[in-house]
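Every number here is computed from the coordinates shown, using simple stated rules; none is lab data. Values in this document were obtained by computation on a predicted structure and should not be read as measured data. All Cβ positions, even for glycine, are placed from backbone atoms using ideal geometry, and neighbour counts span all protein chains on display.
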Amino acid sequence: MRQPRRPGAGWLLLPSGFWYALFLVAPLVVLAVISLGVRSPNGGYSPALTAEQYASLATRFTPFTNTIVLAFAGTIMCLLVGFPLAYVLATRAGSWKTVLMALIVIPLWTSFLIRTYAWMFILGSNGVPKVLEAFGFDVQLLNTPFAVLLGIVYNYLPLMALPIYVSLERLDRSFIEASRDLGAGPFATFRQITVPLSAPGVVSGCLLVFIPVMGEYLIPVLLGGGKTYFLGNALADLFLQSRNWPFGAALGSAFVAFMLLVVGVYAWVVRRLTDQGRESSLL
Amino acid sequence: MSTPRVSRLDPEAITRLAIERRLSRRQFLAASGAAAGAAALAGCAPPTGSTASSAPAVESSAPSSAASAPAQSAAASAPAASGTMTLATWPNYHNPDAIAAFEQASGVKVNLTVYGSTEEMETKIRAGNSGIDVVVPSNYAVEGWVADKLIQAIDYTKLPNFHREDWNARFMDQAFDKGNTHTIPKNWGTTGIAYRSEKVKEAVTSWKQFFEIAGTTYQGKSVIVDHQISSIGSAAVGMGYSLNTIDPGELGKIEAMLSALKPKLYAITSDVQPPLRNEDSWLSIAWTGDGVQVARDKADARYVVADDGGELWIDSYSIASDAPNAAAAYAFLDYILQPENAALETTFCLFPHANDKATALLDPAIKDNEIIYPKPERLTKLEYAVNATYNSPLRAETWARIKASA
């Protein structure tokens with residue numbers, strides 16, 4: 001059902017529209033303009049109209065694949081850990097729910113930098129490896145792709161668990177009871193009722209993890225020791241070391257375009273899932 | 001703020017200073033970049049500049065007996081100044097006592113903003129309208145800044161207390177700024193090899209040796225810094241090329257060597273002190289400040305200037321072309337460059353000073369420390385990184401490819 005448009009709605013959008021134009025559209029235009037320029041001999045930007053920056057995007061293919069692979073792996077790990085967590089929280093936690101929720105949320109109030117720095121000491125040779133050494137294992141944990149993955153899962157887990165929790169929480173218990181009454185076992189009920197109905201939460205959780213991890217800069221620097229090189233690091237280096245603004249802008253623009261594609265696919269998946277959800281709820 | 005002053009500087013005092021200010025200049029690059037990343041994530045204001053520098057001011061900064069009080073003579077002939085002056089500089093590089101004394105003597109309020117690299121300062125100052133008055137670039141950036149008119153010519157008539165003859169000839173009138181028309185040195189230093197001698201049994205003396213053992217005997221225990229000038233430059237020296245090579249053939253060989261070395265390294269990071277202290281790394285490229293601080297805290301730590309050469313660098317005071325308060329900038333330079341005040345700066349930051357009179361005033365614990373002030377003959381083979389090296393797209397891309405390699 002569509003509501004009739006009320007007069008004055010446009011005025012209400014004015015502040016956000018202004019904000020959007022000034023802080024999103026305008027910077028993107030600047031980014032696009034700079035990406036068509038060339039690097040001035042002493043660094044920075046020199047006006048030009050050339051696509052040569054875009055032509056050299058392939059030189060940053062390795063950081064791109066590094067980022068994609070670890071972002072995917074991180075998202076899947078977050079899902080594997082986050083779903084059971086959210087499930088317990090929504091269905092089994094009982095009176096512990098508030099406490100458990102606080103335990104998940106409170107670390108988010110601490111600086112991301114400090115939490116990640118702490119892992120440097122846990123994974124450094126005086127931390128966990130020292131303990132493992134006592135059992136005869138000689139391992140290096142810090143400055144490995146494993147440490148980067150761990151940092152991603154640790155830092156982004158709440159962003160996965162919370163939306164899944166919300167969708168499980170909202171799940172109508174009578175569906176599950178009906179399923180059991182009609183003879184489905186616990187696993188079949190979980191697979192046919194719980195999973196499909198929590199899918200929107202899963203998809204938004206995945207997106208909330210995947211998108212920021214794609215832009216991750218800090219975790220590879222601190223836990224990867226500069227050896228696992230992400231797109232975010234490549235971008236930072238282009239501006240702060242090479243001072244090649246046009247190439248940095250081109251890489252940034254290409255990155256934005258790629259992420260728009262990801263979000264487009266997401267929107268499509270969500271639409272399909274919610275349609276399915278509606279159908280199943282009608283049945 | 002009257003903090004009790006220690007009247008003499010002993011090794012313990014330096015150790016304490018070093019512990020209290022463990023965050024060295026370049027390691028700040030990682031931290032400030034990281035903070036920026038974190039803030040962007042949290043949607044906060046970017047912490048460039050002073051917000052990020054909120055490391056506690058050291059209370060026990062202990063001036064040497066000779067330089068125990070900041071010189072007060074400045075006000076006499078210095079140009080009248082007032083208002084606020086913004087100083088864009090490195091972290092933990094200025095003695096808060098000297099700054100406070102200047103503020104008292106001149107009535108100018110100093111707004112200290114810190115950066116992790118010259119590149120970051122340049123990004124800010126090149127964007128224009130930065131509000132920066134005095135900026136402290138490294139030698140390799142100066143030529144480009146002068147050419148692009150980012151900094152202004154210094155009018156020495158406004159620096160009545162500046163005496164050219166007090167300064168060490170090695171650091172004046174250099175190719176990057178002939179006649180010191182635009183810059184005056186602050187502190188200088190070297191890029192050397194730091195190692196833990198309990199773990200690294202051999203004496204490490206050259207870059208050639210460093211890069212050989214980094215990937216073999218000490219595989220997984222070596223660190224190179226995340227700065228193309230120092231890392232590519234040191235590798236070049238080890239292979240018999242110039243620190244400043246931009247020759248495609250030579251850079252190709254360096255790239256092959258460093259890309260093969262990369263998986264065997266412990267890390268590529270400018271934050272070299274934590275792993276060196278924890279013995280996560282045993283062998284590392286390092287800058288003077290890192291060398292002094294780790295050697296003071298860990299008895300077996302060594303810092304050597306390589307026999308085959310390497311980098312020598314100077315950070316210099318300069319005045320931004322669009323400085324909003326140039327009068328205050330001159331008043332500040334005139335004050336801070338006087339030997340007594342310059343000595344206070346070195347006492348605090350532990351980097352050697354280019355003003356010989358200031359050096360003479362230092363406590364023997366500092367001026368006879370060979371990590372801070374290497375013997376002059378150790379410096380003869382060292383090279384300054386030049387502007388072409390700093391600006392070379394080929395060097396930048398070579399470094400990016402090395403870092404991106406598997």
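Given axes a ≥ b ≥ c from the Cα gyration tensor, I'd like to know whether the stretch A:79-151 is rounded (a/c under 1.5), prolate (a/b larger than b/c) or oblate. Verdict is prolate for the stretch A:79-151. Each part reduced to its alpha carbon centroid, the stretch A:150-217 and the stretch B:218-252 end up 50 Å apart.
A protection proxy built from the mean count of other Cβ atoms within 10 Å ranks the segments B:371-379, A:98-106, B:113-121, most packed first, as B:113-121, B:371-379, A:98-106. Computed over neighbours whose Cβ is under 13 Å from that of B:Ala327, the net charge equals -2, Lys and Arg +1, Asp and Glu -1.
Please report the net charge: other residues with Cβ closer than 15 Å to the Cβ of B:Ser130, K and R +1, D and E -1. Summing Lys/Arg as +1 and Asp/Glu as -1 gives -3.
Applying the criteria of a DSSP loop state and at most 14 other Cβ atoms within 10 Å to the chymotrypsin sites (Phe, Trp or Tyr not before Pro) of the stretch A:111-196 yields A:Phe135, A:Phe137.
Look at A:Leu149, B:Leu333, A:Leu108 and count the other Cβ atoms within 10 Å of each Cβ; fewest to most, that gives A:Leu108, A:Leu149, B:Leu333. In percent, rounded to a whole number, the relative contact order of the stretch A:15-107 is 12, using alpha-carbon pairs under 8 Å and six or more apart.
Order by neighbour count: B:Lys298, B:Lys221, B:Lys149, fewest other Cβ atoms within 10 Å first, most last.
B:Lys149, B:Lys298, B:Lys221
Given +1 at the Cβ of Lys and Arg, -1 at the Cβ of Asp and Glu and no other charges, the dipole of the protein assembly as shown around its Cα centre is 2120 debye to the nearest 20. For the stretch B:400-406, backbone phi angles converted through the Karplus equation (6.51, -1.76, 1.60; θ = phi - 60°) give residue-by-residue couplings of 4, 5, 4, 5, 7, 5, 6 Hz, Gly and Pro being listed as x.
Ordering B:Asn187, B:Gly233, B:Leu159 by the projection of their Cα atoms onto the charge dipole of the stretch B:129-236, which places +1 on the Cβ of Lys and Arg and -1 on the Cβ of Asp and Glu, puts B:Gly233 at the extreme positive end. Between amide H atoms placed 1.01 Å from N, distances below 5 Å from B:Thr89 occur with B:Thr113, B:Val114, B:Tyr115, all of them 5 or more places distant or on a separate chain. Beta bridges from DSSP with both residues in the protein assembly as shown: antiparallel share about 60 percent, rounded to the nearest 5. By the scheme Lys and Arg +1, Asp and Glu -1, what is the net charge of all other residues having a beta-carbon under 14 Å from that of B:Lys264? After counting each charged neighbour, the total is +2. For the stretch B:286-406, a simple Cβ point-charge model (Lys and Arg +1, Asp and Glu -1, everything else neutral) yields a dipole of about 340 debye relative to the Cα centre.
Basic side chains Lys and Arg get +1 at the Cβ, acidic Asp and Glu get -1 at the Cβ, and with that the dipole of the stretch B:230-317 about its Cα centre reaches some 200 debye. Counting only lysines at least 8 places from B:Lys158 when in the same chain, there are none with an alpha carbon closer than 16 Å to its own.
Under 1.5 on a/c is rounded, so check that first for chain A, then, if it is not, pick prolate when a/b is larger than b/c and oblate when it is not; a ≥ b ≥ c are the square roots of the alpha carbon gyration tensor eigenvalues. Taking the square roots of the gyration eigenvalues as a ≥ b ≥ c, chain A is oblate.
Put in order of Cβ neighbour count within 10 Å, fewest first, the listed residues B:Ile125, A:Ile193 become A:Ile193, B:Ile125.
Of B:Lys221/B:Lys298; B:Lys208/B:Lys253; B:Lys253/B:Lys298; A:Lys130/B:Lys298; B:Lys199/B:Lys264, which sit over 24 Å apart, Cα to Cα?
Over 24 Å apart, Cα to Cα: B:Lys253/B:Lys298.
Let me know the longest stretch in chain A that avoids all trypsin sites (Lys or Arg not before Pro) found in a DSSP loop with at most 14 other C-beta atoms within 10 Å. So the longest stretch without any such site is A:6-283. Entry note, the stretch B:248-352: relative contact order of 17 percent, from Cα contacts under 8 Å with a spacing of 6+ residues.
The tail of the calculated P(r) for the protein assembly as shown beyond 42 Å holds 34 percent of all Cα-Cα pairs. Residue by residue along B:397-405, Cβ atoms of other protein chains within 10 Å of the local Cβ number 6 on average. For the stretch A:13-27, backbone phi angles converted through the Karplus equation (6.51, -1.76, 1.60; θ = phi - 60°) give residue-by-residue couplings of 7, 4, x, 5, x, 4, 4, 4, 5, 6, 10, 10, 5, 4, x Hz, Gly and Pro being listed as x. Summary of packing: across the peptides B:94-104, A:199-209, the per-residue average of other C-beta atoms within 10 Å ranks them, highest first, as A:199-209, B:94-104. With a 10 Å cut-off around each Cβ of A:111-121, the average count of Cβ atoms from other chains is 4. Taking a ≥ b ≥ c as the square roots of the eigenvalues of the alpha carbon gyration tensor, the stretch B:130-177 is oblate, as a/c is not under 1.5 and a/b does not beat b/c. Based on Cα contacts under 8 Å between residues 6+ apart, chain A shows a relative contact order of 29 percent. Mean partner shielding of peptide A:220-228, defined as the number of other chain Cβ atoms within 10 Å of each residue Cβ, is 6.
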